[in-house]
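The values are calculated or read from the model by the stated rules, or taken from the named source; none is laboratory data. Since the model is a prediction, treat every value here as computed from it, not as a measurement. FYI the Cβ positions are ideal-geometry reconstructions off the backbone, even for glycines, and counts take in every protein chain you see. Ligands, DNA and RNA are stripped out before the accessible areas are found, and what is left, the full protein with its side chains, is counted by its heavy atoms. Shrake-Rupley method; radii C 1.70, N 1.55, O 1.52, S 1.80 Å.
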Amino acid sequence: MQSLFQLVKPLCIGLIIAFALHRPYDKMVSVYHEKCKINRKLAKVFSILTVYAVVLLGLIVLVMFVVPQIVENVTRFVENIDEYLAMLQTNLDHYMTRFGLNTIDLSELAGLIDSYLGILDQMLPQIVKLTTGVVSFVACLAIAVAFSVYILNGKDHILHQLRRLLRVYL
């Protein structure tokens, strides 16, 4: 069952992409065909290129703004972890003495965090597995985009064939 899902996953994703881009695609076809006076077949091609270019540009802009911020924040957090733990220890000591409780020593936690950061070298197999998963996802996404382009471009013909098939069997 799992292998069947892996087989049809690009088709399902392609259907979702085609469904999401259906309205912008139709709008662009009418703009190219009616306002730019381009024949319908060429208008469909230009519309697909335009819609996917806009989506790709939006994703690139999103990645350009989000990924550097995430990397910067994680790097800053890792660099300042000792300071954060020292401030936490100070605040914790203050409140523990204020409420008359025994203090808690976080120095072991700092050592533990440093040891975990040192273990990153040993995580190479997991990193390779993650990279393989990312490559698999990108390949699946590329196939899904190809399916969605095919569906968007030939949706009239596909719908006509589906109607004929339903009439025959129903």
Straight-line reach check, Lys35, cutoff 17 Å on alpha carbons, 8 or more apart in-chain or any other chain, hits among lysines -> Lys27, Lys44
Mean-square fluctuation maximum in Gaussian network of the chain, Cα pairs under 10 Å, restricted to Phe46, Phe99, Phe19, hits Phe99
Bounding extents of region 86-170 in its principal axis frame from Cα atoms, largest first in Å, are 82, 35, 23
Region 28-76 and region 105-170 have their Cα centres apart by a whole-number Å value of 20 Å
Given 104-115, 7-18, 73-84, the highest-first ranking by average Cβ count within 10 Å works out to 7-18, 104-115, 73-84
Carbon/sulfur accessible area of the chain, % of total, 1.4 Å probe, equals 70 percent
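Calculated FRET efficiency, Phe5 and Met123, Cβ-Cβ r, R0 30 Å, to nearest 0.05?
On the way: r = 29 Å, r/R0 = 0.95.
Efficiency for this residue pair is about 0.55.
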Of the residues Thr50, Ile38, Leu21, the Cα lying farthest along the dipole of region 1-63 towards its positive end, which is defined by charges on the beta carbon of Lys, Arg, Asp and Glu, belongs to Ile38
Per the charge dipole of the chain (beta-carbon charges, Lys/Arg positive, Asp/Glu negative, Cα centre), the residue among Gly100, Val168, Val78 reaching farthest to the positive end is Val168
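Of all trypsin sites (Lys or Arg not before Pro) in region 6-42, which ones are in loop regions per DSSP and have a Cβ with at most 13 other Cβ atoms within 10 Å?
Qualifying residues, ordered by number: Lys37.
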Mean separation of Cα contacts under 8 Å (at least 6 apart) over the residue count of region 1-136, i.e. the relative contact order in percent, is 12 percent
Computed over the chain: longest principal axis from alpha-carbon atoms vs helix 2-30 long axis, angle to nearest 10 degrees, is 60 degrees
Long-range share for region 21-170, i.e. C-alpha pairs more than 20 Å apart as a percent of all pairs, stands at 73 percent
Taking Cα pairs closer than 8 Å and at least 6 residues apart, the relative contact order of region 1-80 in percent is 21 percent
Note: probe point = Cα of Val63 + 7 Å toward Cβ; backbone nitrogen < 20 Å; residues of region 1-45 passing the test are 10, 13-14, 17-18, 21
Helix 81-98 sits off the longest principal axis of the Cα atoms of the chain, rounded to the nearest 10 on a 0 to 90 degree scale, by 60 degrees
For region 31-82, dividing by residue count, accessible area per residue (probe 1.4 Å) in Å² works out to 78 Å²
For Asp114, placing the label point 7 angstrom along Cα-to-beta-carbon and taking region 83-106, residues whose amide nitrogen sits under 15 Å are 83-86, 106
Taking Cα atoms, the helix 124-153 axis meets the longest principal axis of the chain at an angle in degrees (rounded to 10) of 20 degrees
